[in-house]
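Below you'll find the structure, written out as structure tokens, and then a few comments.
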Amino acid sequence: MTQIPNILKKLEGTSVYSTLLSIESSYERIEAEQGDWYKKSNFNCPSGCGSCCHGFEPDILEGEALYMAAWLLENQEFTARKIAEGEFPFSHEDGTCRLFKSDSPFHCSIYGGRPFICRLFGASSFRSRTGEKVWRPCKFYPEDYLLKHNPPLQKRQYSESETEIVIGAVPPLMSDMTGDASSSSNGETFLIHEILPQMIQRLLWLIDMNDNGNDNPNGTPSPAAA
């Protein structure tokens, strides 16, 4: 079920509609495949961690930013409009994600609209230099947490076969999960604080154009609102 039903309805027929559907479909696929991984592995982030949000601001594809903007407009419109003006809701030290929220369950103020890296970090596999599928436990997992696992996790990288033995399943391959989104863009990425205000402005403009019956709601805002 979509998390942005009203925004999709308002954007139907515009240039961004299919992009939003494609990104959401990729996110749903990640959730389904990770659900299988979590069920088989019983391997989750330690409660209350959030370390991956500190000292790190994700750089994201335009499609991810569009979905993030749509999710905010659907679920947190007041916050979305503030961000469109360049005012992020939380103040953090340089380099930390602008959307980090310490008192939320997952330390993320836009958890349902978070980008690929935040969905896949610690719960995906990747290809090594030799092309082999490998899995690395999240670097922020404490050693004692890893050693409590049965069997204990004493390495920081496992081959596909090793992961099957110690975990019972291999998490989804990151490149498989992000491939469709990457192929639909030129691959250029932007920091969240650079692109998110622009994408919210763009969606607001498209919604306004669509609401007013414009027969070509596929352009872009003027430079002042870009």
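The values are calculated or read from the model by the stated rules, or taken from the named source; none is laboratory data. Treat the numbers as computed from the prediction; the structure is a model and nothing was measured. Here the Cβ positions follow ideal geometry from the backbone for every residue, glycine too, while neighbour counts run over all protein chains shown.
For residues in segment 119-172 being polar (S, T, N, Q) and within 12 Å of Ser41 (Cα to Cα), which is modelled with the highest pLDDT?
Initial filter on segment 119-172 (polar (S, T, N, Q)): 124-125, 128, 130, 150, 154, 157, 159, 161, 163.
Applying the additional criterion that residues be within 12 Å of Ser41 (Cα to Cα) yields 150, 163.
Working: Asn150: 86, Thr163: 93.
The selected residue is Thr163.
Residues Phe90, Phe43, Phe56: which one is part of a loop (DSSP other than H, G, I, E, B), among the hydrophobic types (A, V, I, L, M, F, W, C), in contact with a Phe, Trp or Tyr (Cβ under 9 Å, 6 or more places away or on another chain) and surrounded by fewer than 17 Cβ atoms within 10 Å (Cβ to Cβ)?
Numbers: Phe43 fails: surrounded by fewer than 17 Cβ atoms within 10 Å (Cβ to Cβ); Phe56 fails: in contact with a Phe, Trp or Tyr (Cβ under 9 Å, 6 or more places away or on another chain).
The conditions single out Phe90.
Quick one: which of Ser109, Ser102 is over 22 Å from Phe190 (Cβ atoms), touching a residue at least 12 places away in the same chain (Cβ under 8 Å) and outside the structural domain of Gln154 (by TED's automatic domain parsing)?
Working: Ser109 fails: over 22 Å from Phe190 (Cβ atoms).
Just a single option satisfies the conditions, and that option is Ser102.
Within segment 203-219, can you find the residues that are modelled with pLDDT of 70 or more and in contact with a helix residue (DSSP H, G or I) (Cβ under 8 Å, 6 or more places away or on another chain)?
Matches in segment 203-219: Leu203, Leu204, Trp205, Leu206, Ile207, Asn210, Asp211.
Only residues that are surrounded by fewer than 17 Cβ atoms within 10 Å (Cβ to Cβ) and of a type in the set (S, T, N, Q): list them for segment 101-117, please.
Passing the criteria: Ser102, Ser104.
Can you find, within segment 4-21, the residue that is surrounded by the fewest Cβ atoms within 10 Å (Cβ to Cβ) among those that are part of a loop (DSSP other than H, G, I, E, B) and of a type in the set (Gly, Ala, Ser)?
Quick first cut of segment 4-21, residues part of a loop (DSSP other than H, G, I, E, B) only: 4, 12-16.
Then drop every residue that is not of a type in the set (Gly, Ala, Ser), which leaves 13, 15.
Values: Gly13: 12, Ser15: 14.
So the residue we want is Gly13.
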